[in-house]
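Working notes for the structure below.
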Amino acid sequence: MAGPGQAVHRTIVVVDVEGFGDARRTLPHQVAARAGLYRVVAEALGAAGVPWDACHREDRGDGVFVLVPPEFAKAPLVEVLPGVLAEALRGHNDTNPAAQHVRLRVAVHAGEVVFDRHGVTSTAVTTAFRLLDAPPVKRALAGSPGLVALVVSRWMFDEVVRHSAVLDPATFRPVPVAVKEIRDTAWLALPDHPYPADPAVLDRPANPAAPDGGGTAPRQLPGAPALFVGREEYLADLEHALTPVDGDPAAGAAVVISALGGAGGIGKTWLALHWAHRHSGRFPDGQLFVDLHGFSPTDDPTDPAVAVRGFLDALGVDPGRLPTDLGAQAALYRSLVTGKRMLIVLDNAATTAQVVPLLPGTPTCTVLVTSRRKLASLIDRHGARHLSLGVLDRDEARALLTARLPSDRVAAEPDVIDELVALCGAYPLALAITARAVATRPAIPLTEVAAELRELGLEALDHDTDPAAGLTTVLSWSLRHLTEQQRTVFALLGIAPGPDTTPPATAALTGLPDGPARRTLAALEEASLLERRPGGRYAMHDLVRAYAAITAHDLPDHLREKALTRVVDFHLHTAHAADRLLDPHRPLLPPDPPAPDVRPHPLPDAAAALAWLQAEYATLLATQRTAATLGRHHAVWHLAWNLKTFQHRRGHRRDALAAWQAALDAAAHLPDPATRSRAHRLLGDACALLGLHEQATGHQERALALAARHHDPSEQAYTHYALAFTWERRGDGRRALDHARHALDLFGDLDQPVREAHALNQVGWYAARLGEFDTARDHCHAALTLLRHHRDLDGEANTLDSLGFIAHRAGDHRQAFDHYHQALSLFRTLGNAYEVADTLDNMGHPHAALGDRERARVVWREALELYREQGRDTDADRVQEQLDALDNTTDHRLDAAADRSSAGIQVENDHR
């Protein structure tokens, strides 16, 4: 051993733990991490042939400094040690909580070292520490998915790495080191996630960067995404946005910027790096990259001064030349890149203020900015092209998932892949987390993973020991830059009924005035937590909505309940106004007054009412379910009542069944017995339309009994009317006619002329079905006169349809066509698609009877399409038979088809 003061050439290994002082590491976590550090370093040195006890060691708190005795070979310390370190770290991290995980920067150098009574000293030791502290080395580890970043001195690279039979020197990258008094070029490698081999880097001069910023061109891009799939449309948009004028990089009028927007985990950085690596050849003067930490585990976004300083370091600026203020440093940065063809990737920006100092002033550079925000002023003032990133399409999502899974497991359960894609909502991070869950649990079948996702939802996409690996945590970072009010609105939108929302509905939900409600929606859209869709609607991805619902649990119970009560009342009272416009002749059954400050959406006319109901239909169904959950039984019942007209016109038969079953359940809690009788009657109607005849008559008979018990002749009349329809559906036309006559008598006694007119038409229809055409015609003409007098277009259209049938069966096919044509025009005007389909079906028969089979074919094809859209499979099959019969049957078979058609298609809009 050398004596005191004697200089000896030794290998120097310095190891530092990334983020050792992170606030999330408690002291016990730090102690455990240090224990792991020493264990893995000792194991790696041993693997390199260097006994731990033979080395001089000094503890550095967050790392360790090791001097290797001169008798041990230097090559294994770069050929073997880094790889063993990575493997040992992986084992440590897999068996310890996230706060004890370790990632390392490792510097290896060699030189003269002197021992004195204070320890060791030499320029070589100082250089090793400066290598470790170089910003490019720190950034390389931060941007790497691996666990180790290895930096070796220029001497170690030239003397060991270049001549190694084990290492590929082309996987190293030169990096400038400008830390305190040290100015040199080192060589960087990522042992467990190596750079692609690039022999060209070995031909570049490895001299220290010149004081004027010259020297090695910076190559700061993190590694290209290993499993990039799809996104061809976005890549094409990006290519279009980033292609200079006429292909000339110097021809642009301003710097080309593309801001990639999107929620956390949607794949912005993934896309940006894929594009950057694909087109790296465009940028011979280098690529700069910085993670601005706008949305990340740390609460503090990167100060633009820090980012500019990092770029200046990468560009080889002598620290002695650095100006003191940010503006001057930014100006120097712009001067250094002027005229150069460089790519600058500004990842994960929170604000425009972070980005602007990093923008070059030359059109030869290209800038890619990723952010969860749209960075509006960057677009407005700097001409950025915005590219908003959505989820993957189904095929892309399937390709991504299968690329990450073992092929034998995909082959064993191919059908489960599509289910996993659907459960993840084609969300890239959710797919990656699911793939990781599958890969790390090889014994668990994919069906079990899918079942867990179905049962737990977003919870299944979290990580107990490493929160940053969970989707919930990643999404939570988007909330840090929101105001308290914006966070509250975000949470309430997560529990609001329906798949999307509008500004008026949001105002009702939140209790905000219209202006602030709209501005809050815009702020959430800016934060990529909402998507603006056509028609002024805003929607969340299902997983983002699930996260919003989780955050709503943190709100006070009374706040959530009041919000839901307001939005239920908003939709109920607007639906009530819409129903009155669609059918003003229905009995007026107003709901309870709305909650304070709830203003129904104004609807000027029937067309606006129909459009609103169409747009809000899914939300209205969800609103009824929300009202039931809140115990708002009155609202449940009235939502069913006010949706009836729309559901009939649009053919939503199964929805009507569910709505009236919920209304019947709610009626048990309401004091008015009429709500129960009406609910039974209208639930019976819904059953009859679906062919559930036994259930239909059962409910309607109970409705009739309740109405009689409570001496309600009006409800008795409506129920007889309903029973007439049901009995005809059951094939008993005589019984149907009897109930229709009962309804007619009761409505006449009640002096309700519009209802009496409907009953007249019903009697006429069933009389015609029984062949009593004179009676049928008289009743229908009387009905038509009354209905036209009272301007009831629904009833008029139904009665004209009845007259068309009577004329057709009486042999007057031209008169039949005329009546049907008038009925069809009225039904189209009313937007009554259900009755349009029936009348088209009816209209084809007089066409066929008159020998005009082409017109019959046209109307039946349209009827067939509508029946299929409405899920009326029996009617669709029958019309298909009629179409088939047109070309190869005789007229009597078409008449038989007409009999089958007319047996069940007249469904009056009965104003019940």
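Just so it is clear, none of the values below were taken in a lab; they were calculated from the coordinates. What you are looking at is a predicted structure, and each value in this text was computed from that prediction instead of being measured. Cβ sites come from the backbone with ideal geometry, for glycine too, and all protein chains shown count toward neighbours.
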Taking the alpha-carbon centroid of each part, what is the distance from the range 542-564 to the range 601-639 in angstrom?
21 Å
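Report the extension gain between GLU701 and ASP237 in nm, rounded to one decimal, defined as 0.36 nm multiplied by the number of residues separating them, less their alpha carbon distance.
On the way: separation 464, 0.36 × 464 = 167.04 nm, distance 6.37 nm.
Difference between extended and current length: 160.7 nm.
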Kirkwood Rh, the range 7-203, all Cα pairs: how many Å?
16.9 Å
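When Lys and Arg each count +1 and Asp and Glu each count -1, what net charge do the other residues less than 9 Å away from LEU787, Cβ to Cβ, add up to? Numbers along the way, then the final one.
Numbers: positive: ARG788, ARG791; negative: ASP792, ASP794, GLU796.
Net of charged neighbours comes to -1.
Need one number: the % of Cα-Cα pairs in the chain sitting beyond the 43 Å mark.
Above the 43 Å cut-off, the chain has 51 percent of its Cα pairs.
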If amide H atoms are built 1.01 Å from N in the plane of the peptide, which residues on other chains or at least 5 residues away come under 5 Å of the amide H of ALA186?
VAL175, VAL177
Using the count of nearby Cβ atoms within 10 Å as a rough guide to exposure, how do HIS9, HIS808, HIS29 rank from fewest to most?
HIS9, HIS29, HIS808
What is the projected area of the convex hull of the Cα atoms of the range 394-474, averaged over all directions, in nm²?
4.8 nm²
May I ask for the angle, rounded to the nearest 10°, between helix 773-789 and the longest principal axis of the chain, with both axes built from Cα atoms and the value confined to 0 to 90°?
60 degrees
In nm², what is the average projected area of the convex hull enclosing the Cα atoms of the range 38-98?
4.4 nm²
Could you tell me how far the Cα centroid of the range 308-344 sits from the Cα centroid of the range 96-144, in Å?
26 Å
Once every DSSP H run of n ≥ 4 in the chain is given -39500 (n - 2.57) and the sum is divided by its residues, what mean residue ellipticity at 222 nm do you get, rounded to the nearest 500 deg cm²/dmol?
-17500 deg cm²/dmol
0 to 90° range, to nearest 10: angle between helix 713-729 axis and the chain longest Cα axis
80 degrees
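Which order results if SER153, SER388 are arranged by neighbouring Cβ count within 10 Å, fewest first? If you can, show how the numbers build up before the last one.
Working: SER153 25, SER388 17.
Least crowded to most crowded, the residues run SER388, SER153.
Count the net charge of all other residues whose Cβ sits under 13 Å from the Cβ of HIS279, scoring Lys and Arg as +1 and Asp and Glu as -1. The partial results should precede the final answer.
Details: positive: ARG278, ARG282, ARG341; negative: GLU239.
Result for the neighbourhood of HIS279: +2.
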Net charge of Cβ neighbours under 15 Å - reference LEU375; Lys, Arg +1; Asp, Glu -1
+2
So what are the ³J(HN,Hα) numbers for the range 195-202, from phi and the Karplus equation (6.51, -1.76, 1.60; θ = phi - 60°), rounded to whole Hz, Gly and Pro as x?
5, x, 4, 9, x, 5, 5, 6
I want the antiparallel fraction of DSSP beta bridges within the chain, as a percent rounded to 5.
60 percent
Mind pulling the angle between the C-alpha long axis of helix 514-526 and the longest principal axis of the chain? Nearest 10 degrees, somewhere in 0 to 90.
50 degrees
So for the chain, taking the charge dipole from beta-carbon charges (+1 Lys/Arg, -1 Asp/Glu), which of VAL179, PRO414, LEU401 sits furthest toward the positive end?
VAL179
